[in-house]
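Asks: Before I ask anything, here is the structure I am working with.
The values are calculated or read from the model by the stated rules, or taken from the named source; none is laboratory data. What you see is a predicted model; the values in this text were computed from it and never measured. Positions of Cβ are backbone-derived with ideal geometry, glycine not excepted, and every protein chain shown enters the neighbour counts.
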């Protein structure tokens, strides 16, 4: 057996294992599905009391009230939110445009995908219409939502298809690429190995220097503009290096979130990311006369262990030097993350059967992080945080 054939066999075995895991863990439908929520959980998400929630559910269309020990599925939660008058959706009439949050950094292992997926799910739970855009060919965000990147994502079903479009492309092409997920509030532009072609296409266009109707770095912004009426927020997960797809994300960004662990190695990599960002924005300004005007750019400390003195010292240093550039709360490290991840669940999907206190601590940190990001979006729209 030659080396290429050996590598192919390894790939096929691992792909088959991934497909089996997805199907077994999500029997009988063989697709991931979103759990229901207790009355207490739902009330907390809506910022109300269980009693008020039961009243609101009775006012919703076809509302029949909620029994004390009942559970609500996501559509029921949204109906109650609407009945309470707490839908946060943006108002285009007030000039509130689609907001785009880009999670990016140079270093892998910084919890970039974990942070972006949890952000998307948190915003959906708050009532926003969210598009999660996976621009990483490793496709971890795509797999998190139960799709097999190897078999279910082709060049015709990811961002590559947008770049392939010709003059006669269907006007609803962008919308057709946004796939519904088992989260009713989240659609997904999936990723896979087929994104390699998108990277090559963008690099070729950048090198050609030819005049174009849409410049290569504005392609993601053009895509998002085409689907903007359907969403309030787009969350972008990027690949951890300098690449053309990440550049398109920067040009589409309302704001940046830069996840990093509180270690010297991770902070050194983050420093190089900011050096690249400074150089790129300066070059762009020199070429076009204006910069990339982000509404916010925030450092998010991830996998934080408050009992580790070195991490505590580095977080204190970051806050001392950069102040509001650092999100107020770190995303805590917890073994609960591993327990939930074993079943391919996020913290917002996981229901602990034991050690509720540990779960409460880590979900509180996730909520604090994501509420800070939501506050940035609200300020961008001119709303109160």
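Asks: In region 53-76, what count of residues is obtained for those that are at pLDDT 85 or above, surrounded by fewer than 16 Cβ atoms within 10 Å (Cβ to Cβ) and farther than 20 Å from residue 356 by Cβ? Can you show your working first?
Replies: Taking region 53-76 first, the residues at pLDDT 85 or above are 71-76.
Filter once more, keeping what is surrounded by fewer than 16 Cβ atoms within 10 Å (Cβ to Cβ): 71, 73, 75.
After this cut, where a residue has to be farther than 20 Å from residue 356 by Cβ as well, the list is 73, 75.
Qualifying residue count, region 53-76: 2.
Asks: Exactly one of (1) surrounded by fewer than 20 Cβ atoms within 10 Å (Cβ to Cβ); (2) modelled with pLDDT under 95; (3) outside any loop (DSSP other than H, G, I, E, B) is unmet by residue 166. Its number?
Replies: (3)
Asks: Then there is this: So which residues in region 105-140 are at pLDDT 95 or above, farther than 25 Å from residue 364 by Cβ and touching a helix residue (DSSP H, G or I) at 6+ places or on another chain (Cβ under 6 Å), if there are any at all?
Replies: Of everything in region 105-140, those that are at pLDDT 95 or above, farther than 25 Å from residue 364 by Cβ and touching a helix residue (DSSP H, G or I) at 6+ places or on another chain (Cβ under 6 Å) turn out to be 134, 135.
Asks: Right, here's the next one. Given region 169-272, what helices (runs of 4 or more DSSP H) lie entirely inside it while holding 3 or more residues that are buried (at least 17 other Cβ atoms within 10 Å of the Cβ)? Reasoning before the result, please.
Replies: Numbers: elements: 173-177, 195-208, 219-227, 244-252.
Of the helices (runs of 4 or more DSSP H) lying wholly inside region 169-272, those with at least 3 residues that are buried (at least 17 other Cβ atoms within 10 Å of the Cβ) span 195-208, 219-227, 244-252.
Asks: Exactly one of these conditions fails for residue 176: (1) touching a residue at least 12 places away in the same chain (Cβ under 8 Å); (2) out of contact with any strand residue (DSSP E or B) (no Cβ under 8 Å at 6 or more places or on another chain). Give me its number.
Replies: Residue 176 satisfies all of (1) touching a residue at least 12 places away in the same chain (Cβ under 8 Å); (2) out of contact with any strand residue (DSSP E or B) (no Cβ under 8 Å at 6 or more places or on another chain) except (1).
Asks: Please tell me if residue 224 is modelled with pLDDT of 95 or more and either under 19 Å from residue 191 (Cβ atoms) or not assigned by TED's automatic domain parsing to the domain that holds residue 192 (or both). First the steps, then the outcome.
Replies: Working: modelled with pLDDT of 95 or more: yes; either under 19 Å from residue 191 (Cβ atoms) or not assigned by TED's automatic domain parsing to the domain that holds residue 192 (or both): yes.
So residue 224 passes the test.
Asks: With the structure loaded, tell me whether residue 334 is modelled with pLDDT under 90 and crowded, with 19+ Cβ neighbours inside 10 Å or whether it fails that test. So that I can check it myself, show each step before the final result.
Replies: Working: modelled with pLDDT under 90: yes; crowded, with 19+ Cβ neighbours inside 10 Å: yes.
When the stated conditions are applied, residue 334 passes them.
Asks: Would you check if there is a residue in region 209-216 being under 25 Å from residue 125 (Cβ atoms), in the same structural domain as residue 275 (by TED's automatic domain parsing) and touching a helix residue (DSSP H, G or I) at 6+ places or on another chain (Cβ under 7 Å)?
Replies: Checking region 209-216: not a single residue is under 25 Å from residue 125 (Cβ atoms), in the same structural domain as residue 275 (by TED's automatic domain parsing) and touching a helix residue (DSSP H, G or I) at 6+ places or on another chain (Cβ under 7 Å).
Asks: A follow-up question, please. For residue 374, are the conditions met, namely being in the same structural domain as residue 252 (by TED's automatic domain parsing), part of a helix (DSSP H, G or I) and in contact with a helix residue (DSSP H, G or I) (Cβ under 8 Å, 6 or more places away or on another chain)?
Replies: Working: in the same structural domain as residue 252 (by TED's automatic domain parsing): yes; part of a helix (DSSP H, G or I): yes; in contact with a helix residue (DSSP H, G or I) (Cβ under 8 Å, 6 or more places away or on another chain): yes.
Yes.
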